[in-house]
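Right, one structure below, let's go through it.
The values are calculated or read from the model by the stated rules, or taken from the named source; none is laboratory data. This one's a predicted model, so the numbers in the text were calculated from it and none came from an experiment. Backbone-built Cβ (ideal geometry, glycine too); neighbour counts: all protein chains shown.
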Amino acid sequence: MATQVAYKYFYEFLCDTFIENSKAIFDEGSDEEKESAKQTLYTAIEGGLLMIHPFMPFITEELWQRLPRRDGDNTPSITVASYPQPQEEWDDEAAEVECK
């Protein structure tokens with residue numbers, strides 16, 4: 001079940017929805033909108049890699065090494081990175097209902 005959730009997250013939510021919807025922002029958005037979309041995409045990719053690392057350690061490590069680090073983040077490897085923790089301020093009950 002965990003691998004199905006990870007697949008759905010990457011394929012349907014991240015790639016199919018977020019990246020496709022972000023293209024218009026990167027093409028026509030303001031600098032502030034572009035930076036916001038870039039940071040959101042980075043957070044989504046980083047969290048996704050951490051989520052699937054237990055199932056695909058070699059692939060996720062390779063992708064992690066190619067992902068530019070944010071300022072102040074000196075994590076040398078995904079194997080020692082902190083696992084994502086729930087952020088209550090990100091909870092969106094309306095989105096939860098919509099996804100079901």
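Tabulated results
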{"item": "Residue check, Thr75 of a type in the set (Ser, Thr, Tyr) and closer than 19 Å to Phe13 by Cβ", "result": "no"}
{"item": "Enumeration of residues in the range 24-57 that are assigned to a helix (DSSP H, G or I) and more than 25 Å from Arg69 (Cβ to Cβ)", "result": "Ala24, Asp27, Glu28"}
{"item": "Residue satisfying all of: in the range 62-100; part of a loop (DSSP other than H, G, I, E, B) and among the small types (Gly, Ala, Ser); surrounded by the fewest Cβ atoms within 10 Å (Cβ to Cβ) among these", "result": "Gly72"}
{"item": "Test result for Ser77, at pLDDT 90 or above and in contact with an Asp or Glu (Cβ under 9 Å, 6 or more places away or on another chain)", "result": "yes"}
{"item": "Those residues of the range 26-51 which are crowded, with 16+ Cβ neighbours inside 10 Å and among the β-branched types (Val, Ile, Thr), in sequence order", "result": "Ile45"}
{"item": "Pairs with Cβ under 8 Å, 6+ apart, first in the range 11-35 and closer than 16 Å to Cys99 by Cβ, second surrounded by 11 or more Cβ atoms within 10 Å (Cβ to Cβ) and not aliphatic (A, V, I, L, M)", "result": "Leu14/Gly48; Phe18/Thr40"}
{"item": "Contacts under 7 angstrom Cβ, first residue in the range 48-62 being within 20 Å of Phe13 (Cα to Cα), partner of a type in the set (S, T, N, Q) and modelled with pLDDT under 90, 6 or more apart", "result": "Phe55/Thr3"}
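Residues are listed down the side, and each one gets a yes or a no for (1) of a type in the set (Ser, Thr, Tyr); (2) touching a Cys at 6+ places or on another chain (Cβ under 7 Å); (3) at pLDDT 95 or above; (4) under 24 Å from Ser82 (Cα atoms):
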{"residue": "Tyr9", "(1), (2), (3), (4)": "yes, no, no, yes"}
{"residue": "Ile19", "(1), (2), (3), (4)": "no, no, no, no"}
{"residue": "Ser22", "(1), (2), (3), (4)": "yes, no, no, no"}
{"residue": "Phe26", "(1), (2), (3), (4)": "no, no, no, no"}
{"residue": "Glu32", "(1), (2), (3), (4)": "no, no, yes, no"}
{"residue": "Gln39", "(1), (2), (3), (4)": "no, no, no, yes"}
{"residue": "Tyr42", "(1), (2), (3), (4)": "yes, no, no, yes"}
